[in-house]
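Here's the structure we're looking at; comments come further down.
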């Protein structure tokens, strides 16, 4: 290669390297920290602590160490400890993974079961039309 073309190739490589190092070329930016934990309603905080305590109790009854449970669930032991503490910043998937690792996944089926949602059923019933109407322009094909 000629010296001029070597110089241009070097400049292009340096430009690319600088962009990568300076994150100008990065496909995403870091998300903002979650602020929900600081402003969560007291009932939500209490529910998370209760769920964490119940997961801890289930683990202790089975005489499983936190590290062993975390390994079975495929999460870090610090994440498992945060779940047991009822941290709102811990992902829902971590809670579900620990529940699964404890063999309590059947209990999840009852969580928000639509058959037990009395308020939702009443609201749905109130929005149900009183009578069914045929669409305009639809021919009655019932011979």
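List of remarks:
- Residue check, residue 75 assigned to a helix (DSSP H, G or I), at pLDDT 95 or above, closer than 14 Å to residue 101 by Cα and within 16 Å of the chain's Cα centre (by Cα): no
- Among the residues listed as 84, 124, 105, the single one being at pLDDT below 95, in contact with a helix residue (DSSP H, G or I) (Cβ under 7 Å, 6 or more places away or on another chain) and surrounded by 11 or more Cβ atoms within 10 Å (Cβ to Cβ): 105
The values are calculated or read from the model by the stated rules, or taken from the named source; none is laboratory data. Just so it is clear, the model here is predicted, and its values are computed rather than measured. Methodologically, a virtual Cβ is constructed for each residue, glycine included, from the backbone with ideal geometry; neighbour enumeration extends over all protein chains shown.
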